[in-house]
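Before any comments, here is the structure.
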Amino acid sequence: MPQIRFLVPLLLLPLTLNAAVPKGTHIDTLPAGKRTYTDVTVRSANAVTVVITHSGGMASVPLSDLPAEWQQRFDYDPQAAAAAIAATKSKPVAPAPKTAVATTQATTPLEDMLLSLGHDPVLNKVVDLRGKFFNYGLYPKDQGRRPSCSVFAVVSALEFQNAVLLGQAEKFSEEYLIWATRKVLGRQPPAATTLNDENEEADEGFSLSEVVTALRTYGVPRQVDMPNTFGSSMSDIAEPDAKLIAQARSVRQVSIHQLPGRDNAQAVTGLIHAINAGVPPVIGLKWPHERSIHNGFLSAQQPVTGYAHAITLVGYRCETGKLEDTIFIFKNSWGPRWGQGGFGHVTYPYLLDNLQVAVVLDVQTAER
């Protein structure tokens, strides 16, 4: 079985003026609009966008945001870019934008999706990745009493993308990643565990970015090497031995890309692009009280103030072809007895009002 790594090693290739920058080119700093990216590697590019990995993760950068010198290096032509964008609007093709916007290098499904951001997505009647999850034996898990939904949501996407690459599934250890996230955050075991009215540890949840930072710092081993325990506090998780930490670090790394958008409407179109490409996004959103969603359907409920939850989107359906009628399918981490076999549905209007963050993971083989 080939090893999996989640960041391609940087390749130091020459940067040629007046020619498209080759895939794998390393750039120390790349200015773009109001932001400057550091430790950049070019992943792919087309007439409109360049996809990069950088010190903070992954990004799709409009060539129009680059200074004139860099636009020249990427062979940016505003007229060609405008024609490419117009082509995607007049003749959409699902799910790969390469047919409408010529790319300069071979791309992965994730890169295709990132290159397509900013274009109108193709809205299918049904896209449902649950069958693929089931084929790989990746069923809903139960996080138990621990407020570790971000860990479970990230691992769910990671296991799926890893299985697609290898052709078979590996189960990863949420237990280890909980320990790693607390380690990164410097959280010490509390003197006494405080429980809220849902019998969960209070004030111990993690953000998606914190979980991915821990994943990049400490890696993640297989679940068989550090099995999950239930019914105990996060602070009761024993520190892994040095050998397991070294093994996890040497094999597992991750790059994360936050789906961009001026508002939630743009972010939600990014979710559709991702699902069309077969890449399950991980999202954080405001969440209602558990008593209002036993059937797993989020629509018009009122979120609890200050309460958020992380889930993995695995599909959508839209019978009318209208974006506002889209219903997204998600994988939860409250076990198979919740919702519809551990899965739920959330409407477009609910996401429009309550989406807080949406990310996709970059997963690659070391051979790439």
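The values are calculated or read from the model by the stated rules, or taken from the named source; none is laboratory data. In this text the structure is predicted, and so the values were computed from the model without any measurement. A quick note on method: Cβ atoms are made from the backbone with ideal geometry, for glycine too, and the neighbour counts reach across all protein chains shown. Accessible surface areas use protein heavy atoms only, side chains included; no ligands, DNA or RNA. Shrake-Rupley method; radii C 1.70, N 1.55, O 1.52, S 1.80 Å.
Residues are listed down the side, and each one gets a yes or a no for (1) open to solvent by less than 50 Å² (accessible area, probe 1.4 Å); (2) at pLDDT below 90; (3) small (Gly, Ala, Ser):
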{"position": "55", "(1), (2), (3)": "no, yes, yes"}
{"position": "58", "(1), (2), (3)": "yes, yes, no"}
{"position": "78", "(1), (2), (3)": "no, yes, no"}
{"position": "88", "(1), (2), (3)": "yes, yes, no"}
{"position": "95", "(1), (2), (3)": "no, yes, no"}
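Just to verify a result, which residue in region 264-293, among those that are over 17 Å from residue 359 (Cβ atoms) and either assigned to a strand (DSSP E or B) or without any contact (Cβ under 8 Å) to a residue 24 or more places away in the chain (or both), is most open to solvent (accessible area, probe 1.4 Å)?
So, considering only residues that are over 17 Å from residue 359 (Cβ atoms) and either assigned to a strand (DSSP E or B) or without any contact (Cβ under 8 Å) to a residue 24 or more places away in the chain (or both), the one most open to solvent (accessible area, probe 1.4 Å) is 291.
Kindly check whether there is at least one residue in region 328-343 that is open to solvent by 10 Å² or more (accessible area, probe 1.4 Å), assigned to a loop (DSSP other than H, G, I, E, B) and among the basic types (Lys, Arg).
yes
Give the residues of region 248-263 that are within 24 Å of residue 132 (Cβ to Cβ) and in a helix (DSSP H, G or I), sorted by residue number.
Of everything in region 248-263, just one residue is within 24 Å of residue 132 (Cβ to Cβ) and in a helix (DSSP H, G or I), namely 251.
What are the pairs, 6+ residues apart or on separate chains, where a residue within region 44-56 that is within 15 Å of residue 213 (Cβ to Cβ) has its Cβ under 6 Å from a residue that is open to solvent by less than 10 Å² (accessible area, probe 1.4 Å) and hydrophobic (A, V, I, L, M, F, W, C)?
54/40
Taking region 298-353, which residues are among the acidic types (Asp, Glu) and closer than 17 Å to residue 264 by Cβ?
Scanning region 298-353 gives 324, 325, 353.
Got a sec? Which of 137, 131, 144 is at pLDDT 90 or above, on the phi > 0 side of the Ramachandran plot and open to solvent by 10 Å² or more (accessible area, probe 1.4 Å)?
One residue alone meets the criteria, 137.
In this structure, does residue 245 turn out to be open to solvent by less than 60 Å² (accessible area, probe 1.4 Å), part of a helix (DSSP H, G or I) and free of Cβ contacts under 8 Å to residues at least 60 places away in the same chain?
When the stated conditions are applied, residue 245 passes them.
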